[in-house]
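Below is one structure, written out as structure tokens, with a few remarks after it.
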Amino acid sequence: MQQIAKIKQDKSVKPRLIWACLCVALLVSAIYVTVSYRLTADITVHSELKAMGHITSLVSNELSQAEDADDVDSILNEILLSAVNSPAFISVTTPQQQWHKNLLISATKRSTLLQLVAEAKDNAEPIEVNDDTFLWQQHKIAQYQITFVQQTQALDVTLEFVAKRLLVTSIIVFWIAVWLALTLASLISRRAEQVNESLAYIATHDSLTGLPNRLYLIELLENSLGPATDEIDTPVDEGCLLIIDLDRFKEVNDSFGYAAGDTLLKEIAKRVSDLISAPAELIRTGGDEFFIWAPDYTIEQAKTLSLDIVNSCNAPILINGLTVNSGVSIGISHYPSQADDTAGLIVCADTAMHKAKAMRSGWQVYDNKKIADYKDILQLRAELNDALAQQQIILYYQPKVDLATGEVTGAEALCRWQHPRLGLLGPGEFIDLIEHSGKVQEFGRYIIATAAAQAEHWHTSGLLVPIAINLSPYNLLDPGLADFISETLKRHNIPPRFIEIELTENETCINIDYIQSALAQIRELGVSLAIDDFGTGMSSLAYLSELQVNVLKIDRAFICDLTTNQGHRAIIAAAVTLSQSFGCDMVAEGVETQEQARMLYEMGCQSAQGFLFARPMPAEAFHTLLTQQKPQFNDAF
Amino acid sequence: MAISSNLNLLDRSIRGVIGICVTAFALFNGDLIGDVFIEVLLGIFGLLNLISLFTGWCPVYQLAGIDTRKH
């Protein structure tokens with residue numbers, strides 16, 4: 001998680017650059033010294049050769065005027081002694097005769113040198129003999145061949161003249177090179193650091209709003225929470241994390257386009273930024289979600305801040321000439337009282353934000369108790385698989401009673417989750433999970449199979465009670481449902497009229513045409529259909545006429561205050577008339593008092609179910625109720 | 001670029017010694033070198049070191065962002 005630090009801490013460029021520059025400086029100094037030395041040596045050799053050339057010319061001029069061998073000898077002697085001051089010799093040969101004149105040089109050395117000169121190609125290269133260096137010139141005039149060989153002091157002289165200057169200048173040059181190396185290295189490494197910094201900035205900031213991004217947030221929280229573990233840590237004693245989510249961002253994006261959405265985000269970012277001050281930081285993690293990490297904030301301070309943000313963001317924003325009002329929902333979590341690590345803090349704030357969104361309350365502080373519920377829900381969802389596999393979902397049965405005779409005319413199967421850890425759970429606690437779990441169709445088939453097995457069991461023991469099964473429209477989207485019901489009925493050998501499908505109506509957005517055809521298939525099997533919770537939800541009258549159901553179950557909401565609510569009485573009366581017109585039966589749900597039952601009967605409702613008669617009970621209890629006591633509920637009124 | 005001390009004592013002393021030696025050599029023993037140009041170069045070199053000695057400040061360190069002083 002120290003990726004950004006990694007980019008920033010890469011300091012290896014500078015020392016490498018310095019070393020490279022120093023090496024180059026040394027190399028340049030060495031080349032410079034060598035070339036200067038060789039150049040000076042060459043110039044000296046060249047001028048010595050020139051001087052020797054003059055002496056040789058002088059000798060040849062003198063020789064051209066010589067009359068006999070003695071003359072030659074004296075000329076050579078005179079010139080050698082006067083013009084030469086280092087070891088040297090002059091040889092003059094004619095086809096008939098030879099003259100040699102030595103100065104500070106032995107005869108053997110002379111003959112060796114003469115031999116070497118005879119072998120040499122040109123006189124630019126000095127000849128080496130016993131660590132001494134010699135230069136030579138040859139000249140031919142008339143019959144005389146003149147060879148002048150002289151030991152050279154050129155290299156020594158060069159060293160003497162040049163060495164001191166070269167030494168001093170090369171030290172100074174080296175010194176300058178070091179300066180240059182340091183300066184260049186620092187300039188380049190500073191540039192590299194700038195590039196690194198901008199890379200780190202790009203990696204940790206959002207390009208649209210210029211705010212820090214998720215990577216930055218995680219890094220910031222990791223460094224701020226808990227005890228300091230390294231030098232970049234800046235631990236805080238407490239702090240609040242706020243998650244800000246735009247309520248209507250998607251609508252703005254969809255209606256006005258992405259450019260408008262971007263404008264909205266920028267405006268929100270600006271408004272929120274104006275409200276917070278360092279060290280609190282605003283971070284955009286993506287989409288329409290912003291975070292604020294506010295170190296040293298108490299929950300009360302965070303609440304005040306949230307209120308300011310909500311008020312500020314509720315002010316309309318002008319986009320493309322239209323005012324848009326995108327509210328925000330804020331979730332607050334507190335460190336360390338609610339969570340003491342990054343992930344926990346984010347989850348808490350996120351949960352609180354979702355709660356705020358659901359409650360439309362603008363902002364919410366994370367609530368420990370609620371989060372426990374949230375965790376329970378997550379766990380329940382995970383346990384659903386086992387629940388179906390291990391048949392933990394069981395059916396309870398509630399009798400339906402004929403209000404005229406008081407006899408039990410049917411049973412409604414209601415599911416319960418026999419949870420190994422939490423005990424018996426009502427449908428309210430898990431049906432929603434199932435409907436959003438992708439297991440809804442599997443669950444529907446499971447319920448049908450269980451109810452059919454129970455119906456068969458009762459059938460064989462002489463209890464002729466139809467069982468009503470609740471199915472949601474999601475179940476009807478199961479393409480093989482009608483076939484499955486048909487097979488199940490055959491397998492259990494029970495007549496179709498002993499199974500009733502009650503369609504709950506909690507969803508309005510499901511394809512009504514498809515449901516209609518699915519229901520038609522089920523009806524063709526002979527299974528009767530009922531509309532559950534009639535009068536609420538989507539039970540429009542058009543729907544009623546399209547679906548051709550056999551039973552209407554009027555919702556408990558109209559029954560509970562039947563005796564006092566004139567309006568509800570009117571609705572029930574209308575529903576009774578409606579059911580009679582459609583030729584279907586009517587069942588009242590949630591009957592709790594005798595008076596309600598009496599009034600319903602008087603209004604023309606034939607059947608009812610509710611706590612007045614019996615609560616939902618396990619299959620065995622239901623069996624006992626029907627076989628042993630033979631209940632006659634008409635005594636009730 | 002503000003001039004502020006960026007040399008520690010050791011750095012400053014070494015520069016001081018080098019500066020004094022080199023300047024003295026250039027001034028009093030210039031004949032040994034035998035070249036005025038080099039003498040002038042040495043003089044500048046020594047002078048810069050002497051400046052470092054008196055001010056505790058090195059312009060190259062400043063450019064390179066180096067600071068040998070302990071804070």
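The numbers here are math on the coordinates, done by the rules we state, and not lab data. Given the structure is predicted, the values throughout are model-derived calculations rather than measurements. Every residue, glycine among them, receives a Cβ derived from its backbone with ideal geometry; neighbour counts consider all protein chains shown.
Across peptide A:165-176, how many C-beta atoms of other chains are within 10 Å of each residue C-beta, on average? Can you show the working numbers first?
On the way: counts 5, 1, 2, 11, 6, 0, 4, 6, 1, 0, 6, 3.
Mean inter-chain Cβ contacts per residue within 10 Å come to 4.
Within 10 Å of each Cβ in peptide A:183-195, how many partner chain Cβ atoms are there on average? Round it to a whole number, please.
On the way: counts 7, 2, 3, 7, 3, 0, 2, 2, 0, 0, 1, 0, 0.
Partner Cβ neighbours, averaged per residue: 2.
Averaged over its residues, how many other protein chain Cβ atoms are within 10 Å of peptide B:59-65's Cβ atoms?
What the average comes to for B:59-65 is 6.
Could you work out how far helix B:9-28 tilts from the main Cα principal axis of chain B, as a 0 to 90 degree angle to the nearest 10?
Its long axis makes an angle of about 20 degrees.
Among A:W179, A:W19, A:W417, which comes first, then next, by fewest other beta-carbon atoms within 10 Å?
Ordered by Cβ neighbours within 10 Å, fewest first: A:W19, A:W179, A:W417.
Count neighbours as other Cβ atoms within 10 Å of each site's Cβ, and list the trypsin sites (Lys or Arg not before Pro) in the range A:381-457 that are DSSP loop with at most 14 such neighbours.
A:R421
Provide the FRET efficiency to the nearest 0.05 for the A:R191-A:F161 pair, computing r from the beta carbons and using R0 = 60 Å. If you can, show how the numbers build up before the last one.
Values: r = 45 Å, r/R0 = 0.74.
The value I calculate is 0.85.
Net charge near A:A468: determine it from the other residues with C-beta under 14 Å of the C-beta of A:A468, scoring Lys and Arg +1 and Asp and Glu -1. Write down the numbers at each step before the final one.
Values: positive: A:K400, A:R497, A:K553; negative: A:E412, A:E500, A:E502, A:D532, A:D533, A:D585, A:E589.
The answer is -4.
Given the DSSP H assignment, sum -39500 (n - 2.57) over each helix run of at least 4 residues in chain A and divide by its residue total; what's the result at 222 nm in deg cm²/dmol, nearest 500?
Calculated mean residue ellipticity at 222 nm is -17000 deg cm²/dmol.
So, in nm, how far is label A:A278 from label A:L208 when the simple model puts each one 7 Å beyond its Cα toward the Cβ?
Placing both labels 7 Å beyond Cα along the Cβ direction yields 2.7 nm.
Say the cut-off is 26 Å between C-alpha atoms; which of A:K50/A:K140; A:K357/A:K553; A:K250/A:K355; A:K14/A:K164 go over it?
A:K357/A:K553; A:K14/A:K164
For chain A, list the DSSP H helices whose alpha carbon atoms reach 20 Å or more along the long axis and whose average Kyte-Doolittle value is 0.5 or above?
The qualifying helices are A:13-64, A:69-83, A:154-204, A:342-359, A:566-582.
Provide the net charge surrounding B:L7, with neighbours chosen by a C-beta distance below 9 Å and charges set as Lys +1, Arg +1, Asp -1, Glu -1. Display every interim value, and only then the final one.
On the way: positive: B:R12, B:R15, B:R69; negative: B:D11, B:D67.
For residues surrounding B:L7, the net value is +1.
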